[in-house]
Amino acid sequence: MSDSPSFPKSLIGLSLAYAMVFLFSAIAPSSRSVWIAEIVPVMLILAGIWWTSAHQRLSKTAYLLMFVWLTLHTIGAKYTFADVPFDWFNHLIGSERNNFDRVAHFAIGLYAYPIAEYLIRKKLTNGWIAGMFGLFCIMSIAAGYEIIEWWYADLAGGEDGIAFLGSQGDIWDAQKDMLCDTLGALTALLILSWQSARQPKRFD
């Protein structure tokens with residue numbers, strides 16, 4: 001009998017769909033150096049999702065929410081976030097700024113859901129503390145990523161550094177990005193709370 005882990009179909013299906021997005025992103029990106037810098041964290045997180053799933057399966061909702069950010073960030077890597085074709089959304093909210101990066105930051109906040117779910121499934125804590133840990137974890141990651149962006153932009157310099165930073169001239173860009181991360185996390189935890197209320201034994 002094989003001891004190799006079996007992976008959920010939802011994870012396999014989402015990964016295959018994501019592979020198409022990855023190939024699209026990898027073909028003639030706006031800046032190859034920026035693409036590499038942006039795609040490295042995506043690959044690390046994707047690998048982490050598969051590694052975690054080998055030890056603990058998560059819900060379909062968790063996998064779907066995680067792949068939202070993977071997809072958005074990979075598209076942003078192709079064009080650089082300031083230049084992603086996103087006019088329809090910018091016009092919808094009446095903004096002259098390209099807000100694709102804000103939406104992507106909101107999407108990283110959705111990872112609060114799988115973080116909290118993992119803790120609950122492992123019975124490491126109760127739902128309330130798991131939710132708070134997921135929120136604070138996302139907020140910490142958001143701050144850490146802004147520091148990494150600053151470090152890389154300063155190191156790369158020139159157009160590549162500006163493209164990676166993606167501030168588009170907004171002096172409060174880092175703070176607004178962290179706010180979007182936090183709002184995404186709160187949204188994810190509201191979804192988790194609503195599902196748990198409807199199905200109390202959902203994560204047993």
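Pick from Ile45, Ile141, Ile171 the residue whose mean-square fluctuation is largest in a GNM of the chain, springs joining Cα atoms under 10 Å. Its mean-square fluctuation being the largest, the pick is Ile171. Of the complete DSSP H runs in the chain, those spanning 18 angstrom or more by Cα along the long axis with a mean Kyte-Doolittle score not below 0.0 are 9-26, 32-55, 60-79, 127-156, 173-198. With the helix formula -39500 (n - 2.57) applied to DSSP H stretches of n ≥ 4, the chain reaches a computed 222 nm mean residue ellipticity of -25000 deg cm²/dmol. Among the listed pairs Lys9/Lys123; Lys60/Lys122; Lys123/Lys201, those with a Cα-Cα distance over 20 Å are Lys9/Lys123.
With Cα atoms as the point set, the radius of gyration and Dmax of region 28-161 evaluate to 16.5, 49 Å.
Every number in this text was worked out from the coordinates using simple rules, so none of it is lab data. Treat the numbers as computed from the prediction; the structure is a model and nothing was measured.
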